[in-house]
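What follows is a single structure, written as structure tokens, with notes after it.
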Amino acid sequence: MALRVKALQSLLVEKGLVDPAALDAIIDTYEHKVGPRNGARVVARAWTDAAYLARLRQDATAAIAELGYGGRQGEHMVAVENTPETHNLVVCTLCSCYPWSVLGLPPVWYKSSPYRSRAVIDPRGVMAEFGLVVPEDVEVRVWDSTAEIRYLVIPQRPAGTEGWSEDALASLVSRDSMIGVAFAGASGAGS
Ligand code: FE
């Protein structure tokens, strides 16, 4: 695969179809600037700032852009909030649509056909395989992403975090919790 990519790249550059500096800029963006830390900042702000949460509910794309995140695959965002009554799970049954601006590039499992089909048929079973057991009395809603709309799950704020700083709260918000296959919590930092 790496060799094929290299061969394609040198051909495109040779023919003048692609500027190597532009490629470097794209790679740098997705390696260093775009990733789940962006989404975690959105969630932490929503947890601590009621006015921001209201704006996020009204127009997630604009509220996310307030924090400086936007661009390709993040143009039409919808935030879905987990509550004691409702848990949200995101999938793209057709392919791999995913909110790049807040979560970075999708994990391999998100693009796999077992996840894409089973997340709809048996969401609780899929979540259990991630170690997430959603209580029976909590409704599970599955959101099918498209090229038109991308979803960001706002996980529930963990108990016992009253008075925490936004930075500290953001460290509790994992990528998986913003897809809906995990809760936000102490073990969630980073990935
Ligand atoms: Fe897709």
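The values are calculated or read from the model by the stated rules, or taken from the named source; none is laboratory data. Not measured: the values here are computed from a predicted model. We place every Cβ from the backbone using ideal geometry, glycine too, and count neighbours over all the protein chains shown. Calculation scope for accessible area: heavy atoms of the full protein, side chains included, ligands and nucleic acids excluded. Shrake-Rupley method; radii C 1.70, N 1.55, O 1.52, S 1.80 Å.
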Leu94 is checked against (1) surrounded by 14 or more Cβ atoms within 10 Å (Cβ to Cβ); (2) near the ligand (Cβ under 10 Å from one of its atoms); (3) over 13 Å from the mean Cα position of the chain (by Cα) and fails just one. What number does that condition carry?
(1)
Those residues of the stretch 8-50 which are aliphatic (A, V, I, L, M), under 22 Å from Gln73 (Cβ atoms) and assigned to a loop (DSSP other than H, G, I, E, B) amount to Val18, Val34
So, in the stretch 136-164, of the ones that are in a loop (DSSP other than H, G, I, E, B) and open to solvent by less than 70 Å² (accessible area, probe 1.4 Å), which residue ends up farthest from the ligand (Cβ to nearest atom)?
Gly160
Sort out which residues of the stretch 1-40 are open to solvent by 60 Å² or more (accessible area, probe 1.4 Å), at pLDDT below 90 and closer than 30 Å to Val153 by Cα, and write them in order of number.
Ile26, Ile27, Tyr30, Glu31, His32, Lys33
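Give the number of residues within the stretch 51-60 that are open to solvent by 40 Å² or more (accessible area, probe 1.4 Å) and either basic (Lys, Arg) or assigned to a helix (DSSP H, G or I) (or both). Can you show your working first?
Going residue by residue through the stretch 51-60, those that are open to solvent by 40 Å² or more (accessible area, probe 1.4 Å) are 51, 54-55, 57-59.
Filter once more, keeping what is either basic (Lys, Arg) or assigned to a helix (DSSP H, G or I) (or both): 51, 54-55, 57-58.
Count: 5.
Considering only residues that are outside any strand (DSSP E or B) and open to solvent by 40 Å² or more (accessible area, probe 1.4 Å), look in the stretch 81-91 and name the one that is nearest to Ala60 (Cα to Cα).
Filtering the stretch 81-91 for residues outside any strand (DSSP E or B) gives 82-85.
Imposing the further condition that a residue be open to solvent by 40 Å² or more (accessible area, probe 1.4 Å) reduces the set to 83-85.
Details: Thr83: 18, Pro84: 22, Glu85: 22 Å.
So, considering only residues that are outside any strand (DSSP E or B) and open to solvent by 40 Å² or more (accessible area, probe 1.4 Å), the one nearest to Ala60 (Cα to Cα) is Thr83.
Here's the yes/no breakdown for (1) in contact with a strand residue (DSSP E or B) (Cβ under 6 Å, 6 or more places away or on another chain); (2) β-branched (Val, Ile, Thr); (3) touching a residue at least 40 places away in the same chain (Cβ under 8 Å):
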| residue | (1), (2), (3) |
| --- | --- |
| Leu11 | no, no, no |
| Leu23 | no, no, no |
| Val43 | yes, yes, yes |
| Ala50 | no, no, no |
| Ala62 | no, no, no |
| Pro84 | no, no, yes |
| His87 | yes, no, yes |
| Leu94 | no, no, yes |
| Tyr110 | no, no, yes |
Single condition Ala119 does not satisfy, out of (1) surrounded by 15 or more Cβ atoms within 10 Å (Cβ to Cβ); (2) among the aliphatic types (A, V, I, L, M); (3) more than 14 Å from the ligand (Cβ to nearest atom):
(3)
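Can you confirm whether Ala128 is surrounded by 15 or more Cβ atoms within 10 Å (Cβ to Cβ) and in a helix (DSSP H, G or I)? Please lay out each step first, then the result.
Details: surrounded by 15 or more Cβ atoms within 10 Å (Cβ to Cβ): no; in a helix (DSSP H, G or I): yes.
No.
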Exactly one condition in (1) open to solvent by less than 50 Å² (accessible area, probe 1.4 Å); (2) away from the ligand (no atom under 16 Å from the Cβ); (3) under 24 Å from Arg41 (Cβ atoms) is false for Tyr110; which is it?
(2)
